[in-house]
C-alpha cells in the first residue's frame, strides 16, 4: 500500500472514530468504496464497532458487512454482535445474528457465547434454546467456553434442569463451569443446592465461587460452613474488598456481629457496601444505637450514603425514638436530591410515627405519589400505637377503597388500634373480616394475642378463654400475660392458679409473666403461692430483666437501666428528676413528692 493510500486510510479511520452521526458516515462509506480500502481488516473492524453504537441502523450495517468478504474472518460480525449484546437493546444482537447467518455467515465458538450473553440479558429463554440447538448441530458443545455460556444462560433464566444437564454432559469442567451453576442456584434462592454443589466441586474455587457460597451460608444460617470457607479464603485467595464484604454479610446474617466487626475493622479499604453491610447488620440484630454511631463515622469518612442505607438508618432512628437524627436524614435527602422512593418514604413514615410525630407521619404519607402495602402498614401501625384508633380505621377503609390488598400485618395494626382504643365490637368485626372469603388470611398467634388482650381489657374474660380454646396453636406467654393482667384487675385468683399450673409445660423464659403472677398473689396476701412462683423462676434460671429507657439529647441517644448509677452525670440527672418530682407534687398530680427517685 502506497504512502498516499496509507495516509488516506488513517484519515478515514480517524473520521470513523470521531463520527457520532449516521449521516456523515454515509460520506465516509463512499470514500471507503472509492479508495479501495473497504476490505482492510482494521477498517472493517472499525466499521463494525461504529454500527454497534446505532441499533436503529442494524440493517444498513449488516448490508455493509455483507459486501465485505466475511468468510476470511468472523471477527467483524462477532464484534458487531458483541456491541449490540452490551447495549441497552440486547435483543438486537439476536436479530443481527439471525440476519447474517441467513446471509451465509458461519458462526464459530466466539459467536455463540456473545449471542447467549444477549439472551441472558433480556431473559430470552426461547431464543437461547434455539442457539443451543445450533450449538449441538455445529459440534461446538464440547467447547468449554460455549458450554460455560450455556450453563450461565440457563442458570440466570432459572432453567436448572437444562443447566444441570449441560453441566453434567461437559467433558471438561473448569472453575467457571462450577461457579456459573452455583451462582445460578444462589440467584434463584436455591441455597441448599448451591452448598451441595460446592461440596462436590473438583476445581479450585475462585473469588466468585467463594462469594456465591458465602451468600448461601448467610441466607441459610450455616455458620460452621461459613467459618470453614473463611479459612479456605485466608489460605487460597486472601482478603480483598469483595471477599471481605461477602464474609461480613455472612456473619451478619448468622448474627455473629463480633466476627463481622473484626473483618470490618481489618479491611484495608471500605466502600458503601462495607458500611451498609455492617450498619444494617447492627440494626437487624437490634443494636440501633451502635448502628447510628457507625453511620456517624461513615459520614465523617466522606462516603455518601445511598437510599438503601438511609432507609436502614431511619429504621434505627425509629427503634430508638431518635427524632432529631431522623429529621436530619430527612433534610439530608432533600439537600442531596436523593430519589424519594417508596422504601425511603415508608421508612420515614415509620420513623415519625414511632417517635410520636403522628402529624409528620400523616403529612409524609399524603405527599407520597405511590404507596404500597408496607407504606399503609407503617401509617396504620403508628396510628394504632398512639391510640388513634378511629383515625386508623378510617385510613384502613380508605386503603380498601383504593384497591390495595391488606396483608396479615395490616390486620394486626387494625386489631392493635381497636385494642388500644377499646373498640371491642370493631375488633371482632375486623378479626372475622380477616378470615372471610374476601381476604382469606389465616390469623397468626399475634392476631389471637391481640384479640385476647382486647377482650381482657374490656373485662370479657370468659370470651377471651373461649377464644384461646379455639386457637389452632398453643398460646404463648403474651396471651397468658394478658389473662394475668385481667385477673389482677378483676381479682380472679383461681384463673391465675390455672395459668400457673400450665406454665411449666411451656418452658417460658419470660420473667414478666412470673413477676406479674407473683404480684397478684402478693396483693391477695397469698405468700405461699408467691414463694412457689419465685422458686419456679429460680429452677428455670429466670431473672427479671432491668427496665430501661432511651432519651435523645443533642442528636445522641442515651440509654438508662433501672438501678444503674454508672452514668457520668448520674448525680445531676437525679437532682433534676427530684426538682421535676417536686414540681409535679406542687401542681397536685402526685400525693408523694418522692415518688420519682
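The values are calculated or read from the model by the stated rules, or taken from the named source; none is laboratory data. Being a predicted model, the structure only gives us computed values, none of them experimental. Backbone-built Cβ (ideal geometry, glycine too); neighbour counts: all protein chains shown.
Just to be sure I understand the filter: pairs with C-beta atoms under 6 Å, separated by 6 or more residues or on different chains, first member in the range 436-452 and part of a loop (DSSP other than H, G, I, E, B), second member at pLDDT 90 or above. Which pairs pass?
441/408; 441/434
Output yes when any residue across the range 171-181 is closer than 28 Å to residue 207 by Cα, at pLDDT 90 or above and part of a loop (DSSP other than H, G, I, E, B), and no when none is. Write out each step before concluding.
The first filter runs over the range 171-181 and keeps only residues closer than 28 Å to residue 207 by Cα, leaving 171-181.
Applying the additional criterion that residues be at pLDDT 90 or above yields 173-181.
Remaining after also requiring part of a loop (DSSP other than H, G, I, E, B): 173-174.
The answer is yes, given that some residue of the range 171-181 is closer than 28 Å to residue 207 by Cα, at pLDDT 90 or above and part of a loop (DSSP other than H, G, I, E, B).
Residues that are without any contact (Cβ under 8 Å) to a residue 24 or more places away in the chain, in a loop (DSSP other than H, G, I, E, B), surrounded by fewer than 21 Cβ atoms within 10 Å (Cβ to Cβ) and within 26 Å of the chain's Cα centre (by Cα): does the range 357-367 have at least one?
First pass over the range 357-367, keeping only residues without any contact (Cβ under 8 Å) to a residue 24 or more places away in the chain: 359-367.
Applying the additional criterion that residues be in a loop (DSSP other than H, G, I, E, B) yields none.
No - not one qualifying residue is present in the range 357-367.
Please go through the range 145-159 and give me each residue that is over 16 Å from residue 109 (Cα atoms) and either in contact with a helix residue (DSSP H, G or I) (Cβ under 6 Å, 6 or more places away or on another chain) or at pLDDT 90 or above (or both), ordered by number. Before the answer, list the steps.
Going through the range 145-159, the residues over 16 Å from residue 109 (Cα atoms) turn out to be 154-159.
Correct list: 154, 155, 156, 157, 159.
Name the pairs whose Cβ atoms lie under 8 Å apart, with the first residue in the range 221-233 and surrounded by fewer than 16 Cβ atoms within 10 Å (Cβ to Cβ), the second in a helix (DSSP H, G or I), and 6 or more positions between them or separate chains?
Cβ pairs passing all conditions: 221/253; 232/210.
Considering each residue of the range 401-421, count those that are more than 26 Å from the chain's Cα centre (by Cα) and either at pLDDT 95 or above or surrounded by 15 or more Cβ atoms within 10 Å (Cβ to Cβ) (or both), and give that number. Reasoning before the result, please.
Of the residues in the range 401-421, the ones more than 26 Å from the chain's Cα centre (by Cα) are 401-402, 415-421.
Cutting the leftovers down to either at pLDDT 95 or above or surrounded by 15 or more Cβ atoms within 10 Å (Cβ to Cβ) (or both) gives us 415-421.
Counting residues in the range 401-421 that are more than 26 Å from the chain's Cα centre (by Cα) and either at pLDDT 95 or above or surrounded by 15 or more Cβ atoms within 10 Å (Cβ to Cβ) (or both) gives 7.
In this structure, does residue 105 turn out to be modelled with pLDDT of 90 or more and either touching a helix residue (DSSP H, G or I) at 6+ places or on another chain (Cβ under 6 Å) or assigned to a helix (DSSP H, G or I) (or both)?
Details: modelled with pLDDT of 90 or more: no; either touching a helix residue (DSSP H, G or I) at 6+ places or on another chain (Cβ under 6 Å) or assigned to a helix (DSSP H, G or I) (or both): yes.
No; evaluated as a whole, the condition is false for this residue.
Take residue 300 and tell me if it is surrounded by fewer than 19 Cβ atoms within 10 Å (Cβ to Cβ), over 18 Å from the mean Cα position of the chain (by Cα) and on the phi > 0 side of the Ramachandran plot.
Working: surrounded by fewer than 19 Cβ atoms within 10 Å (Cβ to Cβ): yes; over 18 Å from the mean Cα position of the chain (by Cα): yes; on the phi > 0 side of the Ramachandran plot: no.
So residue 300 does not fit the description; no.
Taking residue 481, is it surrounded by 17 or more Cβ atoms within 10 Å (Cβ to Cβ), modelled with pLDDT under 80 and in a helix (DSSP H, G or I)?
Values: surrounded by 17 or more Cβ atoms within 10 Å (Cβ to Cβ): yes; modelled with pLDDT under 80: yes; in a helix (DSSP H, G or I): yes.
The answer is yes for residue 481.
Identify, please: which residue in the range 254-267 is in contact (Cβ under 8 Å) with a residue 24 or more places away in the chain and out of contact with any helix residue (DSSP H, G or I) (no Cβ under 7 Å at 6 or more places or on another chain) and is, among those, nearest to residue 220 (Cα to Cα)?
255
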